[in-house]
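Working notes, beginning with the structure itself.
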Amino acid sequence: MHIYCYSIIIYYFCVITLTLNTMSKTNNFVFWSLYIVAWVIFVGLSIEAGGLVVNFFFSLYKPEFVQNLYQKLDLTEMYKASRLAFFGIYSFILIVSILKACLFYIVIRLMHKMDLLKPFSTFVAKQFSQISYYTLSIGLLSYIARELAKNLTHYGFVTDNLNQFWADSQAFILMGAVIYIIATIFKKGVDIQNENDLTV
């Protein structure tokens, strides 16, 4: 599922909104609309991650039942051929999907708790740093998983149905780098603001 378009919108809107000193009614409406969108994405990602966890356990104990589940990811042939490959691939799938849900939880927490009249705060700087770390982690792990899956095809494993889980790895790496730069700027802004407050 390509959710990075939504995340780009939410990240950049947060940045733009945080730099405003006052909120007009239109901006306030758009902000809360995006807050709702972030909740919808978070719920969707949580359901997907939960479905993958359930799918994983059914793959181990009741593989014939996998076709009836929400996530119909059937890796029983891989499990029979190599348990190491099965657990390695599934670990990447689960970690990446759980990290995506955690990422949007942090975005929701940021949007809920930030003070739009005082955007340069320690809390906001920390949240942006966390968002950048999570985004970079998702991108790097997705890239490693994609290369691992590509490598497994040389050994006769079919991994075409796995591309959906890490197709957007480069986008997450790029976003993580951009958000890290923004987080660094915010941290510097907070430091300067604190110095000015102490001077006054």
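Coordinate-derived values only; no laboratory data. Keep in mind it's a predicted model, so treat the numbers as computed, not measured. Backbone-built Cβ (ideal geometry, glycine too); neighbour counts: all protein chains shown.
I need the peptides 29-35, 118-124 ranked by packing, meaning the mean over residues of other C-beta atoms within 10 angstrom, with the highest value on top.
Listed from highest to lowest mean packing, they are 118-124, 29-35.
Relative contact order for the chain using alpha-carbon pairs under 8 Å, separation at least 6, rounded to a whole percent?
For the chain, the relative contact order is 25 percent.
Mind pulling the angle between the C-alpha long axis of helix 169-199 and the longest principal axis of the chain? Nearest 10 degrees, somewhere in 0 to 90.
Here the helix axis deviates by roughly 30 degrees.
Taking the Cβ of each residue in 162, 140 as the centre, tally the other Cβ atoms inside 10 Å and list the residues starting with the fewest.
140, 162
Can you sort 83, 146 so the residue with the fewest Cβ neighbours within 10 Å comes first?
So the residues, fewest neighbours to most, are 83, 146.
What is the ratio of the Cα radius of gyration of the chain to 2.2 N^0.38 Å, where N is its residue count, to two decimals?
Rounded to two decimals, the normalised Rg is 1.22.
How high is the FRET efficiency from residue 64 to residue 140, r the C-beta distance, R0 25 Å, rounded to 0.05?
Computed FRET efficiency for residue 64 and residue 140: 0.10.
Fewest Cβ neighbours within 10 Å first, please rank 64, 77 accordingly.
If I rank by nearby Cβ atoms, fewest first, I get 64, 77.
Over the stretch 33-143, what is the mean sequence separation of C-alpha contacts under 8 Å (at least six apart), divided by residue count, expressed as relative contact order in percent?
30 percent
Give me the net charge for the shell around residue 107: Cβ to Cβ below 12 angstrom, other residues only, Lys and Arg +1, Asp and Glu -1.
Around residue 107, the charge tally is +3.
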